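J.: Here you go, one structure.
The values are calculated or read from the model by the stated rules, or taken from the named source; none is laboratory data. These figures come from a predicted structure and were not determined experimentally. Using ideal geometry, Cβ is built from the backbone for each residue, glycine included, and neighbour counts are taken over all protein chains shown. The protein model used for the area step is the full one, side chains on, heavy atoms only, and it has no ligands, DNA or RNA in it. Shrake-Rupley method; radii C 1.70, N 1.55, O 1.52, S 1.80 Å.
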Amino acid sequence: MARPQGNTAPGGPGARDLTRGPILKTLLLFSMPTLVGNILQSLNGSINAIWVGRLLGDSALAATANANVVMFLVFAAVFGFGMAATVKVGQSFGAGNVDAARRTFGTAVGFCVGLAMIVATAGWIYTPALLRLMSTPADIFGFALAYLRVIFVALPATMISVMISMGLRGAGDAKTSLYFMIVSVVLDCGLNPVFIAGLGPIPALGIAGSALATAISSYVSMLVLVIYAYARNLPLRLRGAELGYLVPRMDELRYIVTKGLPMGAQMLIVSGAGIIMLGLVNREGSIVSAAYGASLQVWTYLQMPAMAISAALSAMAAQAIGAGLIDRLGRITRAGLILNFAVTGLMTALLLAFDRPVLVLFLGSTSPAVDMARHIQLLASWSYILFGMTIMLFGTMRAGGVVIAPLIVLAIAMFPARLGFYSFAYPSLGADALWLAFPVGSLAAVAMAAIAYARPGWREKARVVSQARRQESEAAAECAAESVPA
């Protein structure tokens, strides 16, 4: 089957053929919008936290932290389903089968809408019970209840926007969703103080006002994104009979759920290990806890490049598999490893060179936790280079539908390796066993990931997927040709 020429994939403006051109340059340019979007999301959360803390106090700020734990669990599942949709949409675009991509996208969005409505309704009803289950302190319970209920109202718009952006990424379009994320962030940051403290005829809504600002910005951004997609005829817009694709098809839904759940579970494993580590750190006293908290703030930004590059790499690899270019997968993986080493390595080096002024931003210049935080950074920060290498290998493998092996690798690395090292080394190293456990776990993860990547099984699976996608595309082309009158 003839493949489209140039850098534009079939399906209209915004779609991009990621199977052509220099791999390293394409991967860099394609990952940049995702990286910028991740940074914007983190900055948005930080700015909103400042508004809440300054205008309402520490109890309100603590309430948002409790609510964010709940929302992370929800979005872990959404990420998994969205990543599964990204992979299959990318495979279909690589094979030149736009209709198959739209079927997958329609099922993903339809499933996401139904799931979001159920979760939002249940969240509104059972928020009090959920907060009691989390042992939320009485002094922040009211704040957390008001905030979380409104956030659940915003959930459908947020989930739909995430699903659309991940579908577009599979089609080779990473820029469109960034534009509308900027709209959402600007609205959210601007409306937060207005609704929290009140302005003119707008009453002061307190912490519920912060959540309302998030809800309004989410719905406005989502609606404008949908309007834009149809106005610009973006590749995944559904028209006419294609709107029926929003009713989930069982074969498409089976793929999204069976591949998406393990991907979401990977995030939960990493988060669960992080919660355990936080508990272990808290045993060391308040100064160590403060130092670790500041380090976590820095590490949030340190891991962003690898996450963005890995997401872009998966879309590129998925299109290559759909196009039958299995030999290109190795070069895509190498480009991801090189890019991660360069970007994450540079950021780590800069952080270690200028760690004091960075940490002072979070701790203050006179805090005794600054020196402890610098010590933590020295021992643990470089582990994020290894973390990036691991998820690059996983990014290529999941493009071929391999999701269980990465889940097992992360489970072993986070718990037996990382926590096992801590238990073994703590009697002799003390608190340093905590910080050294990060690179030990990362070394174990990258070693196991390399072994899994070197095995031929996932490549054979990718070839089977490639043949299936191309057969689907050829069958669709034959049906279209037969439907044209002689």
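J.: So the check is Cβ under 8 Å with 6+ separation or different chains; which pairs have a first residue in segment 213-238 that's closer than 13 Å to S177 by Cα and hydroxyl-bearing (S, T, Y) and a second one that's part of a loop (DSSP other than H, G, I, E, B) and open to solvent by less than 10 Å² (accessible area, probe 1.4 Å)?
T.: Taking only residues 6 or more apart or on different chains, the pairs are Y228/L234.
For every residue, the table says whether it meets (1) touching a strand residue (DSSP E or B) at 6+ places or on another chain (Cβ under 7 Å); (2) touching a residue at least 24 places away in the same chain (Cβ under 8 Å); (3) under 18 Å from I39 (Cα atoms).
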site: D327; (1), (2), (3): no, no, no
site: R331; (1), (2), (3): no, yes, no
site: T348; (1), (2), (3): no, yes, yes
site: T366; (1), (2), (3): no, no, no
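J.: Then there is this: Given the conditions (1) outside any helix (DSSP H, G or I); (2) at pLDDT 90 or above; (3) not hydroxyl-bearing (S, T, Y), and given that R254 satisfies all but one, which numbered condition is not satisfied?
T.: (1)
J.: Among the residues in segment 108-126, are any under 19 Å from the mean Cα position of the chain (by Cα) and surrounded by fewer than 20 Cβ atoms within 10 Å (Cβ to Cβ)?
T.: Yes, the conditions are met somewhere in segment 108-126.
J.: Criterion first (of a type in the set (F, W, Y), assigned to a helix (DSSP H, G or I) and open to solvent by 30 Å² or more (accessible area, probe 1.4 Å)) does F387 satisfy it?
T.: Yes: the conditions hold for F387.
J.: Filter segment 92-107 for residues that are touching a Ser or Thr at 6+ places or on another chain (Cβ under 8 Å) and crowded, with 24+ Cβ neighbours inside 10 Å; which is modelled with the highest pLDDT?
T.: Applying the filter and picking the extreme gives T104.
J.: Could you say which residue among G395, G401, G420, G430 is buried (at least 24 other Cβ atoms within 10 Å of the Cβ) and modelled with pLDDT under 95?
T.: Criteria check complete, one pass: G395.
J.: Kindly check whether there is at least one residue in segment 309-321 that is polar (S, T, N, Q) and assigned to a loop (DSSP other than H, G, I, E, B).
T.: no
J.: Something else now. Based on what the data block shows, is I332 within 19 Å of M397 (Cβ to Cβ) and in a loop (DSSP other than H, G, I, E, B)?
T.: no
J.: Can you give me the number of residues within segment 330-362 that are more than 26 Å from the chain's Cα centre (by Cα) and crowded, with 20+ Cβ neighbours inside 10 Å?
T.: Result for segment 330-362: 1.
J.: Also, quick follow-up: So which residues in segment 112-129 are out of contact with any Phe, Trp or Tyr (no Cβ under 9 Å at 6 or more places or on another chain), more than 21 Å from M163 (Cβ to Cβ) and not hydrophobic (A, V, I, L, M, F, W, C), if there are any at all?
T.: Across segment 112-129, the qualifying residue is only Y126.
J.: (1) part of a loop (DSSP other than H, G, I, E, B); (2) open to solvent by less than 40 Å² (accessible area, probe 1.4 Å): which one isn't true of A411, the others all being true?
T.: Only one criterion in (1) part of a loop (DSSP other than H, G, I, E, B); (2) open to solvent by less than 40 Å² (accessible area, probe 1.4 Å) is unmet by A411, namely (1).
J.: Any residue at all in segment 449-469 that is at pLDDT below 90, acidic (D, E) and farther than 29 Å from G336 by Cα?
T.: Checked against the condition, which is being at pLDDT below 90, acidic (D, E) and farther than 29 Å from G336 by Cα, segment 449-469 yields no hits at all.
J.: Sticking with this one: Within segment 404-454, can you find the residues that are among the acidic types (D, E) and out of contact with any helix residue (DSSP H, G or I) (no Cβ under 9 Å at 6 or more places or on another chain)?
T.: none
J.: Filter segment 153-207 down to the residues that are under 29 Å from F111 (Cα atoms) and not in a helix (DSSP H, G or I), then identify the one that is most open to solvent (accessible area, probe 1.4 Å).
T.: Checked segment 153-207; the qualifying residue most open to solvent (accessible area, probe 1.4 Å) is K175.
J.: May I pose another question? For segment 18-53, which positions are free of Cβ contacts under 8 Å to residues at least 60 places away in the same chain, more than 20 Å from the chain's Cα centre (by Cα) and within 22 Å of V298 (Cα to Cα)?
T.: Residues satisfying the conditions are A49, I50, G53.
J.: Just name the residue that is nearest to the chain's Cα centre (by Cα) out of those in segment 218-245 that are open to solvent by 70 Å² or more (accessible area, probe 1.4 Å) and of a type in the set (A, V, I, L, M).
T.: L223
J.: Can you find a residue in segment 433-455 that is open to solvent by 30 Å² or more (accessible area, probe 1.4 Å), farther than 20 Å from G272 by Cα and part of a loop (DSSP other than H, G, I, E, B)?
T.: yes
J.: Looking at S310, S286, S314, which is the one that is out of contact with any Pro (no Cβ under 8 Å at 6 or more places or on another chain), at pLDDT below 85 and not basic (K, R)?
T.: Step by step, each of S310, S286, S314 is checked, and only S286 is out of contact with any Pro (no Cβ under 8 Å at 6 or more places or on another chain), at pLDDT below 85 and not basic (K, R).
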